[in-house]
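The values are calculated or read from the model by the stated rules, or taken from the named source; none is laboratory data. This structure is a prediction, so every number in the text was calculated from the model and none was measured. For neighbour counting, all protein chains shown are included, and Cβ atoms are generated from backbone atoms with ideal geometry for every residue, glycine included. Heads up: the accessible areas ignore ligands, DNA and RNA and are worked out on the full protein's heavy atoms, side chains in. Shrake-Rupley method; radii C 1.70, N 1.55, O 1.52, S 1.80 Å.
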Amino acid sequence: MTTDLITRLEKIVGPRFVSGAAEERYLYSMDQGTMPPSEPDVVVMPANTEEVQQVVRLANELKVPIVPMGAGLVLSGLTRALRGGIILDMKRMNHIIEVNPQSRYAVIEGGAAQGMLKSYLKKHHPQLKHSMPDAPPIATLAGNICIHGSGHLSVLGGSHSDMLTGMEVVLPSGEIVRTGSCSVAGEWFGRSPLPDLSGLFLGWSGTTGIVTKLGIKLFPSYKHNDVLVFVAEDADQMPDMISKLTSTQVAEDMTPWMTPKPDWAKGFLHINIAYGAHTKKELTFKRNLLQASVKKYIDDKVAGFLPLPAPQKGRFLQIPSPDLVRFADLRKGGGFEYVGAIMAIEHFPQAYRAGLEIAEKYNVSYSLGARIIGAGHSMMFFFAYAFNRADAEDVKRASDALEATNTAALAMGGIPWKAEQPAQQQIIDQMDPETFALMGRIRSVLDPNGIMNPGNWEK
Amino acid sequence: MEHEDILHRCFRCGYCKLPGNYVDINCPAYLSFRFETYSPGGRMWLLRAWLDEKIPASKRFAEIMFSCATCGNCVEHCAFPEFRDRLLLAFTAGKEALLDAGQAPPAVRDYLTKVQLHGNPYGKSVKKSSQWMDGLEAEPFSDQEYLFFADDVGTYDPRGQEVARSVATLLKQAGISFGVITEALNSDGNDVKAIGETPLFEELAAKNIKILNQFNVKKIITLSPHSFNALKNDYPALGAQYQVFHYTQVLAFAMGNINFSSDNEDVTVAYHDPCYLGRHNTDYESARMMLRSVPGITLVEMDRNRKNALCCGGGGGNFFTDILSGGDGSSARVRVREAVEAGAQILAAACPMCAVMLEDAVKAENLDSKIQVQEVSEIVNQRL
Ligand SMILES: Cc1cc2nc3c(=O)[nH]c(=O)nc-3n(C[C@H](O)[C@H](O)[C@H](O)COP(=O)(O)OP(=O)(O)OC[C@H]3O[C@@H](n4cnc5c(N)ncnc54)[C@H](O)[C@@H]3O)c2cc1C
Ligand code: SF4
Ligand code: SF4
């Protein structure tokens, strides 16, 4: 069966881009997080939509599972082949197809990397930028949008799935469909005013289709960029501070962070506020607005803005920031994973305290923080735990801490984002049963043979 | 295995796959094969798995390990400071372990056997090592200031010989005092070491050092950046005490001695940084200085230049073993397309291997009418 599958896949994408070898099966069986490995039978790298379609048709014929994968950096094991089958590594499909500078959108292929789009825009459209996550630059836009990611323009534009303007998707049954304006007109300007079919593929962890093209919103790129760091000591005041800062509507990105290292940061709650402007005058105006919004706290001497030396400021302005990646080297063991829970801002103090308690209880190295989404409409609160992958006990400690964090996040009204398979179960247990039943009905219509990333979002 | 202690520390984040400006994939092995396994992080994890007996030492595993072009992009752009300095050392140690286990690919074994038997990978007799000088009237080394070291490619490869002749001609034009040793010099051993065969490297180096010392050599000009790297950085640990220069470094400061013809056509040139001159030895300027001093030349930069340069794919023995192989995604082919995109009419190389690799790529891409590959001294010599 596997030999037949491989031979037929080779006919579709060429022998160079198919492998059932032990090396690929091993490496693609896991990601950098704590989830246990699960091997695919074969890894395939298509070059275009038609090849994806043929692979999907073959998988249906042979009833073999398919797992779409971008850079595989999700950390929560969503690109593992839980039931074996094919991993579809999308990164050969990495072209930037179109940039519309007037209507400010870009159309890219399903395996295009964040870093490559950033670089392309810098060269060809320096007046434009897209919202980058702090994921490593090889992470794909499709993988990130499919999981409702967020990034450096998320205060301005919401989560990255809110910035999606349309998609081309190969359905689990093999048809190629388009969502958004590109399904009617030639342009990819937006998802309204049509029935919003894009939602069929967002947040489903690759269980409903394979995104082969997508459109995303671009935003003005500023000549002058700055970051302020607001420091507080009382977590209970954080929701109001965030609310006041976002009410100015000038920040592009707002990321609270709380870490025990470096020493000067321990015990304090920081909020990085990134903003930009076309002129220096405008930048000063925006800075004044931000500072004025939290004046009460400064006057009361309970919080203040941190003076930032130039190198530190430069580091904070780096996009993507490599700091979180470097957290993986904290225990000299190449591992970290985080629970990112999407929740309402008012849960900030609870989340912060839960993070500290869990880190202490499980004796794990931690980094806590959040990214504000929209004008304080929600946040992605992250609880990151580093581990040494060469030390099974340390991995288990981190894994237990993550599980406890998922439980705590759900209990306080948050929802684990890009949830690991066990966390999906926890979410389903708490979900309105009718909602889960509808998810099941949609999946059985889209994917009658149950081939798309099976094992996820199942009871 | 040496450096085994760092393998598990790689996070497999993939910063190392890209250049610092993220333009496109910049690891030649990953660019060519595209499986995660061929990326720097992939090879770190696979090496760990092999040592833990989670995967066998297969033909494919050997191909993965030996496809590394030792270009140093991963070392330059890995997200972890300090750790990254040991990346290439770990890859080389991995290859060494595979060689010890008798698992090297046949092409690697052939390469090493030839070097072992003949002192060079062409399997040529050292008696033929003066052929490259035909028509050059190069002086035998006696008491000149420099020895000119032409390495394997410059000595035995037909195109490499042209490059060696051209460089030697320009050195003469610039009034540099140099001589050559025609007998018995072996391969510099740089790529033998990069392939993981350290004992053979040491043997080659020791033989070369003996001869160089017999001739009382003090200062050396190398043709190849690979020789430059070995002689400058690795030979001292084996007792060598020479001042070593790449030819562009000597010529960059001697360009004032050169008279150019007054009727040169204007031409746009992009310079391809060789890994062993650039990333490995941080000289990004000497060749550019040379080119800037030539009337009529407009220097343009490719998106990937200096620390971000894309390797031609010839390092780590791949020039001889061809494990990286051709195909649309081979880095040499991607590189010449990039040069055309940058608007260059000439792609300048400062390494005989790069020159050969990139010329083959221009042919494979059918770009002959748009761009020509020339070695830096050839560009200068044509304008005298
Ligand atoms: C250091 C670090 C920092 C991070 N920071 C951020 C951050 O700031 N913001 C953020 O949002 N995330 C962040 N992440 C999480 C994650 O890495 C990113 O969201 C990343 O963009 C995911 O993209 P990917 O290509 O790696 O997706 P993958 O891991 O490959 O896939 C993610 C999911 O999408 C599915 N998928 C992938 N491609 C397709 C496709 N073409 N069609 C259908 N389904 C597909 C997969 O099956 C999987 O379920 C971070 C991760 C790390 C390691
Ligand atoms: S950048 Fe460094 S840590 Fe990250 S994958 Fe590459 S080698 Fe590993
Ligand atoms: S040295 Fe170059 S070819 Fe080798 S793994 Fe690093 S980036 Fe890839």
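Taking the criterion of being closer than 13 Å to B:ASN305 by Cβ and open to solvent by 10 Å² or more (accessible area, probe 1.4 Å), the only residue of the range B:342-359 that qualifies is B:ALA342.
For A:THR212, state whether it is in contact (Cβ under 8 Å) with a residue 40 or more places away in the chain, in a strand (DSSP E or B), open to solvent by less than 60 Å² (accessible area, probe 1.4 Å) and not basic (Lys, Arg).
yes
Just one of the listed residues (B:LEU99, B:LEU117, B:LEU51, B:LEU88) is aliphatic (A, V, I, L, M), under 19 Å from the mean Cα position of the chain (by Cα) and either more than 10 Å from every other protein chain (Cβ to nearest Cβ) or more than 28 Å from A:PHE17 (Cα to Cα) (or both), and it is B:LEU88.
Against the definition (within 16 Å of ligand 1 (Cβ to nearest atom) and either touching a Gly at 6+ places or on another chain (Cβ under 8 Å) or open to solvent by 20 Å² or more (accessible area, probe 1.4 Å) (or both)), how does A:SER221 come out, yes or no? So A:SER221 fails the test. Checking each residue in the range A:363-394 for being open to solvent by 40 Å² or more (accessible area, probe 1.4 Å) and touching a Leu at 6+ places or on another chain (Cβ under 9 Å) picks out A:TYR366, A:ALA390.
For (1) surrounded by fewer than 24 Cβ atoms within 10 Å (Cβ to Cβ); (2) within 9 Å of ligand 2 (Cβ to nearest atom); (3) at the interface with chain A (Cβ under 7 Å from one of its Cβ atoms), each residue gets a yes or a no:
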position	(1), (2), (3)
B:GLY14	no, yes, yes
B:VAL23	yes, no, yes
B:GLU36	no, no, yes
B:LEU47	no, no, no
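Sub-6 Å Cβ pairs linking a first residue in the range B:280-297 that is assigned by TED's automatic domain parsing to the domain that holds B:ASP234 to a second residue that is open to solvent by 20 Å² or more (accessible area, probe 1.4 Å), at least 6 apart or interchain, number zero. Of the residues making up the range B:56-85, just one is within 9 Å of another protein chain (Cβ to nearest Cβ), within 16 Å of ligand 2 (Cβ to nearest atom) and among the small types (Gly, Ala, Ser), namely B:ALA79. Only one entry of A:ILE342, A:ILE372 meets the criterion of being more than 23 Å from A:LYS261 (Cα to Cα), in a strand (DSSP E or B) and either out of contact with any Pro (no Cβ under 6 Å at 6 or more places or on another chain) or more than 14 Å from chain B (Cβ to nearest Cβ) (or both), and that entry is A:ILE342. If you go through the range B:6-31 and pick out every residue that is more than 9 Å from ligand 3 (Cβ to nearest atom) and either in a loop (DSSP other than H, G, I, E, B) or out of contact with any Lys or Arg (no Cβ under 9 Å at 6 or more places or on another chain) (or both), you end up with 14.
With a requirement of 2 or more residues that are among the charged types (D, E, K, R) and at the interface with another protein chain (Cβ under 10 Å from one of its Cβ atoms), the helices (runs of 4 or more DSSP H) lying completely within the range A:1-104 that satisfy it span A:22-27.
Set side by side, the residues B:LEU112, B:LEU99, B:LEU147 differ, and just one is part of a strand (DSSP E or B), open to solvent by less than 60 Å² (accessible area, probe 1.4 Å) and either among the acidic types (Asp, Glu) or at negative phi (or both), which is B:LEU147. Considering (1) touching a residue at least 40 places away in the same chain (Cβ under 8 Å); (2) within 14 Å of chain B (Cβ to nearest Cβ); (3) not small (Gly, Ala, Ser), the lone condition that A:HIS124 does not fulfil carries the number (1).
Within the range B:69-83, the set of residues being near ligand 3 (Cβ under 10 Å from one of its atoms), open to solvent by 20 Å² or more (accessible area, probe 1.4 Å) and not hydrophobic (A, V, I, L, M, F, W, C) comprises B:GLU76, B:HIS77.
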